[in-house]
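Below is one structure, written out as structure tokens; the observations come after it.
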Amino acid sequence: MPAKLDWCALERKWQKKWNWRKIYETDPDPRKPKYYATAAYPYPNSPQHIGHARTYTIADVNARYHRMKGYNTLFPMGFHYTGTPLFAMSKRLREGDPEIVKTFTKVYGIPPATLEKLKDPKSMASYFREDIKKGMMEIGFSIDWRREFTTIDPLYNRYIEWHFQTLNRKGLITKGTHPVAWCPNDKSPVGVVDTQGDVEPDIGESYLVKFQKDSVSYPTSTLRPETIFGVTNLWVNPDATYIRARVDGELWIVSKEAVEKLQHQNHKVTIEHEIPASELLWKTVQNPVTNNEIPILPGGFVEPDNGTGVVMSVPGHAPYDYQALTDLKQRYANSAESQQILQDTKPISIIRLEGFSDLPAADLIAKFKVKDQNDPHLEHATQELYSKEFHDGIMKENTGRYSGMPVAKAREAIVRELTSQGKIETLLELRNAPVICRCGTKCLVHILENQWFINYGDPEWKKLAHKCLDQMVILPEELRGEFNYTIDWLRERACARAVGLGTKLPWDQNWIIEALSDSVIYMAYYILSKYFAKNWVVFKKFEKDTSRLPDAFFNFTLLGEGTVDAVAEQTGIPKRILNAIRAEFQYFYPVDMRHSARDLVSNHLSFYIFHHSSLFPEKQWPKGIVANGFVLMEGAKMSKSLENIIPLRQGIAKFGADPVRVGVMATAELGQDTDFSEVLALSIQERLSSLIGQARKLGTKKTAGKTKLSTLDRWMISRLSNAVQSATNALDRLRVREAINIILYQLDNDIAWYRRRLGPKKPRFDNRDRVLRKVLETRTRIMAPLAPHAAEEIWSRIGNKGFVVQAHWPEEGENDKDPVAERAEILVRQALEDTGEIVKATGIAPKRIAYYTAADWKWQVYLKALKAAEEKMRLGDFIKNIMGDPGLRSLGKAAADYAAKAIQQANQMPDEMRRSRLRDGFTAENPIFTSSADFYKREFKCVVDVWREGDPGISDPKGRARMSEPYRPAIYLE
Ligand SMILES: [Zn+2]
């Protein structure tokens, strides 16, 4: 057992050498094709953990793979400071939020003394930026760090100003009044990056149907206004507080919580007084359509902050209402007064639904065996019924002029009618409520007036986005539908916030461009940022006063508009630099692969497509997107509360960079979540160590071939060639799990078989060192994108010069493929297994084993049978054909019997197998077995003979030879 490897030392050694040689700094090289990969820049409001490593590692594998395939590959990185997350996090720290303090100190091991300096958002950002960058270096990402920037760098702000001015000029920014998700505390719109748990707020519309009593309205929110004919009562929460208020001139009764919502949706609300729910209960109100008097009943399930806190009850067609009414009747069984009211409250049937009784709600309650109103099955029952009635339901006779109408049509008609009578309104809701802002406040829907929106609803822009998407590679491909859906569905989106870091809206300095709007074309900025840093002397004056850098600079370098002379004169930037930037942009753009996580498909990644399709000419539109799933920890979601988070840098220190890299990719392909665990990381570490151990054993001495390669040697090389080809195919589609399996694991089965077949070393006739060196060398190349540090270590230990990460990806090597050798090994292995079965079944330790390979004439018949089966020849014709051959006829019954058997086998064989055997033709089995006799002798520790059926001098005491067939020698044990 070799001494345990010091992974950290090994990795640091190679990282230092790579950095020293600047091998990841990529500049244009007109002699080489380029490849440009980017991954979402991180948000430095906390350290990264193991889960963050997946997207970046896949991006790095992709970059490294393309580099080895001969592409001049650029993989840069920046940091996203924009928006509220940094603000919110530092604020929570300032307020001493125990959860954050615990997460930072306990989970991430930040010294308590350091916390003090994280209380300022910008200090926090630079602290975590350094930490994240160190982690990215420690894990060995092949990043060109010269291009690093943050989104609050003055020149980046200037770039985003140009971006928005350009959108505005194209008419894609609109000022308008639209509903947005809103934080009442920050007085700012909120998007996915502004909410706790990164929830995208989902705004939906519901109806407010207004019940009446004494000129007071009781608005009830519903998604099914057509069921108004079946309303038997209203529900209010008995423990909630209600408000009597004047709303747009009418008197309304709504929950206390609803008042704020109405105000945010532009209703004029004047509160008169509070009303406890008890004052409403058991009173009656009037149905605005049927004019029936119905009671208000207590419903504990009514959420005061959902809708108006007043709900209409349709027990005939709503399982929740049916069950709540049933429960209520039981509860008030002994109260005479309430009893009477409840007895009169009976479900009303208003929708006819094929296959259901008059009361479908009751049917579904029975079907799902619902016990009470807290039963989770109620949700399923509700969904099933709502969908069935919407699609197949017909309004009954008791619905007046809607009688006979399909439900979907009746809904539209009744909304029209009630709207014209002022009996219905709409209310916007967050369908996925509660959505919590990062500041801790519950979000609601706000109608934002005169605000700036990016108009993703523009039909021409949608067309461009679709066109761009249609030309892109999407991995995994099944996400394409989600992209199409998002592009169709997106509408105006608020693009500015009242709070946070970032770029001010150029024409309205009170607003800051939000985080999902200033992060969609920054991939082009990596070209600029290199020159800003390199030519600091030239650009520093613009940093001090960004207004001196005109749009013309960006128009020329990024769009090729204007002339270099004009821009040089206007800006004082030397023409040489302007031309270099322009050339570099044209060289690297478009982005070939954008890496991100799959939860960003519906926002960031779709915006990325939209903006590129509008700002840049078609030849610079993005070429591909990879969106991967999450990382689980021992099968569970990572969460602070579960305390199952491993900080990335601690993980690297503990397991090594390569084991972490492989560990976050090994258990699933792109679309699925992977599962990381300590056991997995340690097993990968052991696997890589053993490969390094193999390299140590082989040493640096190149061994010349001593003899001609044997079939077995050729088999090993053929298997290697197959592995290269499969790994190439896998990495072309970024099927990283498959690539890992092939490269790190499956090849070992082949190597083990090769060694087993070779047996003890016979130095004079042995090519094994030469073959195994070739295997290890090639394997190291294809391993390099996945585990670059271990690969370098192996590469140098076996005496190769240069870096393996700069070596060429092995050619797929059709020449190295040897189907004959592969077929031979399949035969040898099959016979080994068959013999083992016989030994096991008979329970005897054999003294002698004889293998009888099929006679040549059987091969002749066998191949004819395959062909006949292919041509669907009739059995009689086939036998006739066989017996027409004088040689075969002379064999008499033996030939006829075998012909019948062979054609039957050929007919039953899978098409693919039949075709490949036909293609392969005659296989010389006898030499294969003769040369394997030593192997069988070692395996079974007995004498082994090999004969061909019909050979003169054959020893065949039990007449087994005649049972031999092509691909299946007869086996005799004694
Ligand atoms: Zn807030």
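Quick check: anything in region 166-176 open to solvent by 60 Å² or more (accessible area, probe 1.4 Å), more than 16 Å from the ligand (Cβ to nearest atom) and farther than 24 Å from VAL520 by Cα?
no
Could you please let me know if GLY197 is within 16 Å of the ligand (Cβ to nearest atom) and open to solvent by 30 Å² or more (accessible area, probe 1.4 Å)?
yes
Determine whether region 951-963 contains at least one residue that is within 21 Å of LEU863 (Cβ to Cβ) and open to solvent by 50 Å² or more (accessible area, probe 1.4 Å).
yes
Cβ-Cβ under 6 Å, sequence separation 6+ or interchain: first residue in region 236-260 and on the phi > 0 side of the Ramachandran plot, partner open to solvent by 20 Å² or more (accessible area, probe 1.4 Å). Which pairs?
Taking only residues 6 or more apart or on different chains, the pairs are ASP248/HIS267; ASP248/LYS268.
Tell me the residue from ASP344, ASP358, ASP327 that is charged (D, E, K, R) and open to solvent by less than 60 Å² (accessible area, probe 1.4 Å), please.
On inspection, the qualifying residue turns out to be ASP327.
Any chance you could count how many residues in region 727-750 are surrounded by 19 or more Cβ atoms within 10 Å (Cβ to Cβ) and assigned to a helix (DSSP H, G or I)?
Matching residues across region 727-750 total 10.
Any idea how many residues of region 443-454 are more than 16 Å from the ligand (Cβ to nearest atom) and closer than 25 Å to THR220 by Cα?
Number of matching residues: 1.
Which of the residues spanning region 411-437 are within 16 Å of the ligand (Cβ to nearest atom), assigned to a strand (DSSP E or B) and open to solvent by 30 Å² or more (accessible area, probe 1.4 Å)?
Of everything in region 411-437, just one residue is within 16 Å of the ligand (Cβ to nearest atom), assigned to a strand (DSSP E or B) and open to solvent by 30 Å² or more (accessible area, probe 1.4 Å), namely ILE436.
Being under 30 Å from MET593 (Cα atoms) and either out of contact with any Asp or Glu (no Cβ under 9 Å at 6 or more places or on another chain) or free of Cβ contacts under 8 Å to residues at least 60 places away in the same chain (or both) is the filter here; which residues of region 82-97 pass it?
Matches in region 82-97: LEU86 only.
Under 9 Å between Cβ atoms, which residue pairs at least 6 apart in sequence (or on different chains) link something in region 14-41 that is over 13 Å from ARG67 (Cα atoms) with a partner that is part of a helix (DSSP H, G or I) and open to solvent by 90 Å² or more (accessible area, probe 1.4 Å)?
Filtered contacts from region 14-41: ARG21/GLN806.
For the structure I just gave you, tell me whether ASP856 is over 53 Å from the mean Cα position of the chain (by Cα) and of a type outside the set (Lys, Arg).
So ASP856 fits the description; yes.
Across region 1-39, what is the number of residues that are assigned to a loop (DSSP other than H, G, I, E, B) and either acidic (Asp, Glu) or open to solvent by 20 Å² or more (accessible area, probe 1.4 Å) (or both)?
17
Just checking, does region 514-524 include any residue being within 16 Å of the ligand (Cβ to nearest atom), farther than 14 Å from ILE609 by Cβ and out of contact with any Leu (no Cβ under 8 Å at 6 or more places or on another chain)?
Yes, because at least one residue in region 514-524 is within 16 Å of the ligand (Cβ to nearest atom), farther than 14 Å from ILE609 by Cβ and out of contact with any Leu (no Cβ under 8 Å at 6 or more places or on another chain).
Looking at region 328-361, which of the residues that are in contact (Cβ under 8 Å) with a residue 12 or more places away in the chain and of a type in the set (Ser, Thr, Tyr) is farthest from MET395 (Cα to Cα)?
Ranking the candidates gives SER338 first.
Looking at the structure I just gave you, is SER126 among the small types (Gly, Ala, Ser), touching a helix residue (DSSP H, G or I) at 6+ places or on another chain (Cβ under 7 Å) and either over 30 Å from ASN555 (Cβ atoms) or open to solvent by less than 60 Å² (accessible area, probe 1.4 Å) (or both)?
Considered against the rule, which asks whether it is among the small types (Gly, Ala, Ser), touching a helix residue (DSSP H, G or I) at 6+ places or on another chain (Cβ under 7 Å) and either over 30 Å from ASN555 (Cβ atoms) or open to solvent by less than 60 Å² (accessible area, probe 1.4 Å) (or both), SER126 comes out as no.
Take ILE100 and decide whether it is free of Cβ contacts under 8 Å to residues at least 40 places away in the same chain, in contact with a helix residue (DSSP H, G or I) (Cβ under 6 Å, 6 or more places away or on another chain) and of a type in the set (Val, Ile, Thr).
So ILE100 fits the description; yes.
Could you list, in sequence order, the residues of region 380-397 that are under 16 Å from PRO225 (Cβ atoms), part of a helix (DSSP H, G or I) and not acidic (Asp, Glu)?
Those that are under 16 Å from PRO225 (Cβ atoms), part of a helix (DSSP H, G or I) and not acidic (Asp, Glu): TYR386, PHE390.
Among ALA125, ALA113, ALA88, which is hydrophobic (A, V, I, L, M, F, W, C), within 16 Å of the ligand (Cβ to nearest atom), in a helix (DSSP H, G or I) and farther than 28 Å from LEU734 by Cβ?
Step by step, each of ALA125, ALA113, ALA88 is checked, and only ALA88 is hydrophobic (A, V, I, L, M, F, W, C), within 16 Å of the ligand (Cβ to nearest atom), in a helix (DSSP H, G or I) and farther than 28 Å from LEU734 by Cβ.
For region 501-509, check the following and say yes or no: at least one residue is at positive phi and either among the small types (Gly, Ala, Ser) or at pLDDT 95 or above (or both).
yes
Only one of these is small (Gly, Ala, Ser), surrounded by fewer than 21 Cβ atoms within 10 Å (Cβ to Cβ) and within 16 Å of the ligand (Cβ to nearest atom): GLY440, GLY500, GLY457. Name it.
Criteria check complete, one pass: GLY440.
Scan (1) crowded, with 19+ Cβ neighbours inside 10 Å; (2) without any contact (Cβ under 8 Å) to a residue 12 or more places away in the chain for the single condition HIS52 breaks and write down its number.
Of everything listed in (1) crowded, with 19+ Cβ neighbours inside 10 Å; (2) without any contact (Cβ under 8 Å) to a residue 12 or more places away in the chain, HIS52 misses just condition (2).
Does SER215 satisfy the criteria of being farther than 30 Å from PRO785 by Cβ, open to solvent by less than 30 Å² (accessible area, probe 1.4 Å) and at pLDDT below 95?
In short, no.
The values are calculated or read from the model by the stated rules, or taken from the named source; none is laboratory data. Because the structure is a prediction, the values reported are computed rather than measured. We place every Cβ from the backbone using ideal geometry, glycine too, and count neighbours over all the protein chains shown. Please note that ligands, DNA and RNA were not included when accessible areas were found on the heavy atoms of the full protein model with its side chains. Shrake-Rupley method; radii C 1.70, N 1.55, O 1.52, S 1.80 Å.
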